[in-house]
Amino acid sequence: MRLTSALAPIVDFVFPPRCPLCGDPVAIHGGLCLGCWGKLVVPSGTSCTLCQRPMGEAHGAEAELVCAPCMADPPKHAGIAAATLYNEPSRRLVLSLKHGRRIGLVPMMARMMIARLPPLEGEWQVVPVPLHRWRLMQRGFNQSAMLAQAIARSTGQHLLVDALVRTKATPSLGGLNRKARARTLSGAITAAPSRLSRLAGANVLLVDDVMTSGATTGACMTALRKAKVAQVRIACFARVLDEALDTAGANGPADFTLMEA
Ligand SMILES: [Zn+2]
Ligand SMILES: [Zn+2]
């Protein structure tokens, strides 16, 4: 750590830090400029505590807000913490990490995710949403695992990077509606047999870069519940509000392509 900061002036002289979104000069590597920062939408205090859906100002005074869909069909997880709501700048950050290999974005994205998490009391296992090994070989890294690693490190919790395994290679979920996504992913994710003893009775923080319909995290939840975990909280960098997804037909918005992979 000390070495890095000692070297920073030299590194900065050679590679002046630039905003990863617009290329403007910034003060530190891996940070956004003020303009781009302002375009990210952080869920406000008036969001549903379970799913982060923004709620009307009328509910502003209540501490424990739960939206109507969550009341009608209570989720099986113990809450989602989303660093941002999915929009063009957050999409570009996710894509530059995932497909542009901008690994330098991980610390900033992880910090934003941690800022939205309620305090993790007791011991937690930080578990990334898994990639199928073919996809892992193609891409060379699992972006959710990198975020999970950074979160585990800064919160002092345990990283259980291989707790979940994708046993079935699934096609891109882009353009599929909620039901089709859930069907595609059914049975595609299981808990690793070697990790069952660590998972039994554990508090799990499930980490995903983008959470769309919840089909992927839902398949993870099913596997984790089978492994008898105590509770699961979900941390994602960008949360896609599902209203947009419900209108996605067979040729859904191009935006959704590549997101849940
Ligand atoms: Zn910028
Ligand atoms: Zn909700």
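The values are calculated or read from the model by the stated rules, or taken from the named source; none is laboratory data. As the structure is a prediction and not an experimental result, all values here were calculated from the model. In this analysis, Cβ positions are derived from the backbone assuming ideal geometry, glycine residues included, and neighbour counts consider all displayed protein chains. Accessible surface areas use protein heavy atoms only, side chains included; no ligands, DNA or RNA. Shrake-Rupley method; radii C 1.70, N 1.55, O 1.52, S 1.80 Å.
Taken together, the residues in the range 63-90 that are within 11 Å of ligand 2 (Cβ to nearest atom), out of contact with any strand residue (DSSP E or B) (no Cβ under 9 Å at 6 or more places or on another chain) and either of a type in the set (Gly, Ala, Ser) or without any contact (Cβ under 8 Å) to a residue 24 or more places away in the chain (or both) amount to 7. Of the residues LEU117, LEU105, the single one that is open to solvent by 20 Å² or more (accessible area, probe 1.4 Å), more than 11 Å from the chain's Cα centre (by Cα) and modelled with pLDDT of 90 or more is LEU117.
Within the range 201-221, residues that are closer than 24 Å to GLU88 by Cα have Cβ atoms under 7 Å from residues that are aromatic (Phe, Trp, Tyr) in these pairs: ASP209/PHE237; VAL210/TYR86; VAL210/PHE237; THR212/PHE256, counting only partners at least 6 apart in sequence or on another chain. Does THR190 fit the bill of being free of Cβ contacts under 8 Å to residues at least 60 places away in the same chain and open to solvent by 60 Å² or more (accessible area, probe 1.4 Å)? The answer is no for THR190.
Given ALA223, ALA227, which one is of a type in the set (A, V, I, L, M, F, W, C), farther than 21 Å from PRO171 by Cα and open to solvent by less than 50 Å² (accessible area, probe 1.4 Å)? Break it down stepwise before answering.
Values: ALA223 fails: farther than 21 Å from PRO171 by Cα.
Every option except ALA227 fails the conditions.
Restricting attention to the range 16-46, which residues are at positive phi and exposed (fewer than 15 other Cβ atoms within 10 Å of the Cβ)? Before you say what the answer is, go through the steps one by one.
Start the filter on the range 16-46 by keeping residues that are at positive phi, which leaves 23, 30.
Residue satisfying the conditions is GLY23 alone.
Filtering the range 18-32 to residues that are within 11 Å of ligand 1 (Cβ to nearest atom) and either within 15 Å of GLY104 (Cα to Cα) or assigned by TED's automatic domain parsing to the domain that holds GLY100 (or both) leaves ARG18, CYS19, PRO20, LEU21, GLY23, VAL26, GLY31, LEU32.
Do you know which residues across the range 75-104 are of a type in the set (A, V, I, L, M, F, W, C) and under 18 Å from PRO119 (Cα atoms)? Listed by number, the residues that qualify are ALA78, ILE80, ALA81, ALA82, ALA83. Contact map, the range 28-52: residues that are under 23 Å from ARG92 (Cα atoms) paired with residues that are in a helix (DSSP H, G or I) and more than 16 Å from ligand 1 (Cβ to nearest atom), Cβ distance under 7 Å, separation 6+ or inter-chain. Pairs shown: GLY30/PRO107; CYS51/CYS70. The lone criterion from (1) among the charged types (D, E, K, R); (2) open to solvent by 50 Å² or more (accessible area, probe 1.4 Å); (3) closer than 24 Å to ARG53 by Cβ; (4) within 17 Å of the chain's Cα centre (by Cα) left unmet by ASP162 is number (3).
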